[in-house]
């Protein structure tokens with residue numbers, strides 16, 4: 001079980017995460033509990049932040065182990081635009097659109113429960129004024145809180161917005177217990193994915209995007225379409241429509257072929273399949289999939305190199321084809 005508490009300065013994250021840790025330690029006697037406190041990135045690069053928020057925790061089974069995090073990756077949406085705007089090519093900071101989406105799909109595949117701890121502007125202003133802060137100015141809190149509202153709408157799935165009474169310490173323990181209960185349910189729904197560590201996406205995606213193998217420039221991970229700036233993962237994740245990317249699961253066929261692919265396919269409840277390129281199609285055929293069970297579109301690396309102007313159209317085609325198995329579509333590879 002992995003719990004992330006996001007929220008602005010002065011919202012009470014430290015008190016709540018401490019209470020959650022106590023609940024978990026009491027509920028799971030002797031269990032391993034990791035407590036994270038995330039601040040600003042130590043290196044201003046996408047590779048660093050993606051490693052910090054995804055790859056660094058990828059090898060641990062979070063269905064058997066437990067973690068509580070005071071902040072995670074929302075800072076790239078909420079603080080970066082104000083504190084280091086030069087790192088924001090879009091509104092997602094160092095992560096960029098594709099890095100944000102990849103992180104969210106990764107977290108969904110690990111059953112990580114995200115909560116937004118909210119307090120009104122006047123409350124967080126009063127608290128920050130009282131305690132002082134070397135990083136945040138009180139005058140910045142209004143904009144930061146507004147950016148938190150935007151961030152809450154951009155996640156794959158928000159477990160809950162938490163709105164405790166600002167003056168009730170007694171409420172914190174009950175709130176912590178309810179957070180743990182919610183997180184247990186989220187973790188249980190995703191636990192079936194523990195046997196598929198190289199899949200990212202929700203437990204039951206509407207569509208499964210199948211690539212072939214990791215690119216040669218990223219030998220440090222076998223995860224699919226890891227979105228370094230300018231590579232095929234960056235292109236693919238950035239091309240998908242905002243209304244669509246949350247419904248996607250992603251794998252590389254080099255990790256799941258034959259019986260293992262069929263097993264994953266059944267566990268995911270038989271989603272529609274889009275093969276990204278001919279090599280992915282070949283792997284699907286070797287896994288025993290019939291041609292009427294999937295569509296094939298060009299690999300994003302090919303589109304990026306030769307048809308980069310068609311990026312938006314490419315993502316729209318993937319969305320369109322995910323909703324139909326047959327049809328005369330110009331993006332289908334025959």
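Brief remarks follow.
- Projected area averaged over orientations for region 2-194, convex hull of C-alpha atoms, nm²: 10.6
- For residue 170 and residue 204, the FRET efficiency from 1/(1 + (r/R0)^6), where r spans their Cβ atoms and R0 equals 45 Å, is about 0.70.
- FRET efficiency for the pair residue 33 and residue 309, taken as 1/(1 + (r/R0)^6) with r the Cβ-Cβ distance and R0 = 51 Å, rounds to 0.55.
- The angle separating the long axis of helix 141-152 from the principal Cα axis of greatest extent in the chain is about 40 degrees.
- Burial ordering of 88, 248, fewest other beta-carbon atoms within 10 Å first: 88, 248
- DSSP beta bridge pairing in the chain, given as percent antiparallel to the nearest 5: 5
- Descending semi-axes in Å of region 199-321, equivalent ellipsoid built from Cα gyration tensor: 21, 16, 14
- Volume per residue that the Cα convex hull of the chain spans, once the total is divided by residue count, Å³: 133
- Taking the longest Cα principal axis of the chain as reference, the axis of helix 13-27 is set at about 80 degrees.
- Taking region 60-127 and dividing mean pair separation by its residue count, relative contact order in percent (alpha carbons under 8 Å, at least six apart): 23
- Note on residue 181 and residue 161: the model spin-label points, each 7 Å out from Cα along the C-beta direction, lie 2.2 nm apart.
- log10 of Debye I(q)/I(0), alpha-carbon scatterers only, for region 1-111 at 0.18 Å⁻¹: -0.93
- Per-peptide packing, taken as the mean over residues of other Cβ atoms within 10 Å, places 108-115, 230-237 in the sequence 108-115, 230-237 from highest down.
- Centroid-to-centroid separation of region 1-50 and region 85-151 [C-alpha atoms, Å]: 14
- Relative contact order for the chain: 18 percent, from Cα pairs under 8 Å spaced at least 6 residues apart, divided by residue count.
- For the chain, the longest principal axis of the alpha carbon atoms and the long axis of helix 170-190 meet at an angle near 10°.
- Cβ-based exposure ranking for 228, 209, 121, 162, in which fewest neighbours within 10 Å come first: 121, 228, 162, 209
- Extension gain, residue 302 back to residue 149 (0.36 nm per residue minus Cα-Cα distance, nm): 51.4 nm
- Counting every other Cβ atom within 10 Å of each residue's Cβ, 63, 199 order from fewest to most as 63, 199.
Readers should treat all values here as calculations from the given coordinates under stated rules, not as data from a laboratory. Keep in mind it's a predicted model, so treat the numbers as computed, not measured. Neighbour counts are summed over all protein chains in view; Cβ atoms, including those assigned to glycine, are modelled from backbone coordinates with ideal geometry.
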